[in-house]
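S.K.: Handing you a structure now.
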Amino acid sequence: MKNGDLHQPVRQTIALVLAGGRGSRLQALTEHCAKPAVHFGGKFRIIDFVLSNCLNSGVHRIGVLTQYKSHSLLRHLQHGWSFLRNEFNEFIDLLPAQQRVDEASWYRGTADAVYQNLDILGSHRHKFILILAGDHVYKMDYARFIEDHVAQGGPCSVACIEVPVAEASAFGVMTVDAKRRITGFEEKPAHPQAMPGRPGRVLASMGVYIFNSEYLFAALEADVKNPSSNHDFGRDLIPAVVAQGNAIAHPFDMSCVKTSPEAPSYWRDVGTVDAYWAANIDLTATIPELDLYDQEWPIWTYQPTLPSAKFVFDDDGRRGMAVDSLVAGGCIVSGSLVRRSVLFTGVRVHSFSSVEEAVILPGADVGRHCRLRKVVIDEGCRIPARTTIGFNAADDARRFYRSPDGVVLVTSAMVKALGEKPA
């Protein structure tokens, strides 16, 4: 490709972000919003990562497909992502399920969600369509992905990453030949085969695809006519493309954005309470695997106008401080110790409390004399004074949700069910 044409494929690409899923494995965190709208990293939403990847990669024409409890997500996009300029042919179009095909069908699967918007896609006349999951956390230069797709010359490319065999049942698992052609694809296999020469590892789909638009349109038309199809990319459309010999694998290492060559290729599906807690807590490390401080690849979001975080009282036994922690704007830590935790916007921690390995979502309030360890506190939740969580497994499981790895999720409804008065 000539230097003058280096980014031409990007200008011929439209991105579709699939953001309609609930994410039920996140338990009560998605009772009121879709998984892409869940808060992450102190001040972001999960969907901010894929949208920032688009913006930083030069993909400025984006459609966001929504369905499940989309109000919070739509409000976030309207507040934080309305700066693209239509007069420059930049946009984020919101594409909620509208029963466009018939009066009985909402989006029946990820492929059907795209199919129901074929008329809109056709009107834009882009040569390439980038399909993205809106519920993963990672930094990826889609321009490199698109350019690799063009260089390979096939109609479909699938981004992939190595994961442990133990985690394979949560992903689409593929096998590839020496030329990166995908020769086999199985969605969420119970007994996956390890990669040749890589015992204990499998090659997993990242839920990131690029298609030549005319090829995708034809594939979607064929899929919708198949009565046995689930109308899903991972379960139906991608296996059909693989069976035709038309899918190429794109290793994530080729387009992962890193601040140093030795840094790992970071990609997380924060789809469980354990994974969500671990990914947030990892950000408190001295050198976290995900670098949020890279000014050359910023993560964009909506930020309310709030004062800076504040730490008050400097008395023995009542000292407001946070160590190895992320503390967002509007927080007040009053005479308490916060250690290895993430405090989101507007959190209050009152005096004489101890908070460790906690992920505390916006607007939550921790009363006096509380002891919290390895917890996720939901948005707006008020923890009553003298509450202890994370020190007695049986007691935690009785009162709240306790994950397989011992993370305790606490919501306002759970606290209310205890019949205790908030601090």
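The values are calculated or read from the model by the stated rules, or taken from the named source; none is laboratory data. What you see is a predicted model, and the numbers here were worked out from it, not measured in a lab. Ideal geometry is used to build each Cβ from the backbone, glycine not excepted, and the neighbour counts take in all protein chains shown. Surface accessibility is based on the protein's heavy atoms, side chains included, excluding ligands, DNA and RNA. Shrake-Rupley method; radii C 1.70, N 1.55, O 1.52, S 1.80 Å.
S.K.: Is it the case that the range 297-319 has a residue that's modelled with pLDDT of 95 or more, among the small types (Gly, Ala, Ser) and open to solvent by less than 30 Å² (accessible area, probe 1.4 Å)?
M.R.: no
S.K.: Another one. If a residue must be of a type in the set (Lys, Arg) and either in a loop (DSSP other than H, G, I, E, B) or crowded, with 18+ Cβ neighbours inside 10 Å (or both), how many such residues does the range 333-342 contain?
M.R.: 1
S.K.: Could you list, in sequence order, all residues of the range 229-275 that are in contact with a helix residue (DSSP H, G or I) (Cβ under 9 Å, 6 or more places away or on another chain) and of a type in the set (Gly, Ala, Ser)?
M.R.: Residues satisfying the conditions are SER229, GLY234, ALA240, ALA247, SER255, SER265, GLY271, ALA275.
S.K.: Within the range 372-423, count every residue that is aliphatic (A, V, I, L, M) and more than 19 Å from TRP277 (Cα to Cα).
M.R.: Total meeting the criteria: 7.
S.K.: So, one more: Output the residues belonging to the range 320-332 that are within 13 Å of THR284 (Cβ to Cβ) and either open to solvent by 50 Å² or more (accessible area, probe 1.4 Å) or over 28 Å from the mean Cα position of the chain (by Cα) (or both).
M.R.: ASP324
S.K.: A further question on this structure: For ALA240, which of the numbered conditions (1) under 30 Å from VAL407 (Cα atoms); (2) open to solvent by 40 Å² or more (accessible area, probe 1.4 Å); (3) hydrophobic (A, V, I, L, M, F, W, C) fails to hold?
M.R.: Of (1) under 30 Å from VAL407 (Cα atoms); (2) open to solvent by 40 Å² or more (accessible area, probe 1.4 Å); (3) hydrophobic (A, V, I, L, M, F, W, C), only one is false for ALA240: (1).
S.K.: Those residues that are of a type in the set (Asp, Glu) and in contact (Cβ under 8 Å) with a residue 24 or more places away in the chain, I need them from the range 266-295; list them, please.
M.R.: ASP269, ASP274, GLU289, ASP291, ASP294, listed by residue number.
S.K.: Additional query: Would you confirm whether or not the range 22-34 contains a residue that is in contact with a Leu (Cβ under 6 Å, 6 or more places away or on another chain), crowded, with 24+ Cβ neighbours inside 10 Å and under 28 Å from ARG399 (Cα atoms)?
M.R.: Among the residues of the range 22-34, at least one is in contact with a Leu (Cβ under 6 Å, 6 or more places away or on another chain), crowded, with 24+ Cβ neighbours inside 10 Å and under 28 Å from ARG399 (Cα atoms), which makes the answer yes.
S.K.: Between a residue in the range 221-235 that is part of a loop (DSSP other than H, G, I, E, B) and any residue that is open to solvent by 60 Å² or more (accessible area, probe 1.4 Å), which pairs come within a Cβ distance under 6 Å, given they are 6 or more apart or on different chains?
M.R.: Listed pairs, sorted by first residue: HIS231/ARG108.
S.K.: Right, something else. With the checklist (1) touching a strand residue (DSSP E or B) at 6+ places or on another chain (Cβ under 6 Å); (2) charged (D, E, K, R); (3) over 29 Å from ILE46 (Cα atoms) in hand, flag the one item ARG198 doesn't pass.
M.R.: Exception for ARG198: condition (1).
S.K.: Then there's this: For the subset of the range 143-189 comprising residues that are within 26 Å of the chain's Cα centre (by Cα) and of a type in the set (D, E, K, R), which member is nearest to HIS126 (Cα to Cα)?
M.R.: Among residues in the range 143-189 that are within 26 Å of the chain's Cα centre (by Cα) and of a type in the set (D, E, K, R), the one nearest to HIS126 (Cα to Cα) is GLU147.
S.K.: Residue by residue through the range 404-417, note down the ones that are open to solvent by less than 50 Å² (accessible area, probe 1.4 Å) and either outside any loop (DSSP other than H, G, I, E, B) or under 12 Å from ALA28 (Cβ atoms) (or both).
M.R.: Scanning the range 404-417 gives VAL408, LEU409, VAL410, THR411, MET414, VAL415.
S.K.: Moving on. Of everything in the range 177-189, what is open to solvent by 60 Å² or more (accessible area, probe 1.4 Å) and more than 22 Å from VAL270 (Cα to Cα)? Give them in sequence order.
M.R.: ASP177, ALA178, LYS179, ARG181, THR183
S.K.: Regarding the range 144-166, can at least one residue be identified that is among the polar types (S, T, N, Q) and touching a helix residue (DSSP H, G or I) at 6+ places or on another chain (Cβ under 7 Å)?
M.R.: Yes; the residues of the range 144-166 include at least one that is among the polar types (S, T, N, Q) and touching a helix residue (DSSP H, G or I) at 6+ places or on another chain (Cβ under 7 Å).
S.K.: Hey, another quick one. Restricting attention to the range 170-188, does a residue exist that is charged (D, E, K, R), farther than 24 Å from HIS231 by Cα, part of a helix (DSSP H, G or I) and touching a residue at least 12 places away in the same chain (Cβ under 8 Å)?
M.R.: no
S.K.: Looking only at the range 4-52, how many residues end up being among the aliphatic types (A, V, I, L, M), more than 16 Å from the chain's Cα centre (by Cα) and part of a helix (DSSP H, G or I)?
M.R.: 2
S.K.: Looking at (1) open to solvent by 50 Å² or more (accessible area, probe 1.4 Å); (2) more than 28 Å from LYS127 (Cα to Cα), which one does PRO192 not meet, given that it meets all the others?
M.R.: Answer for PRO192: the failing condition is (1).
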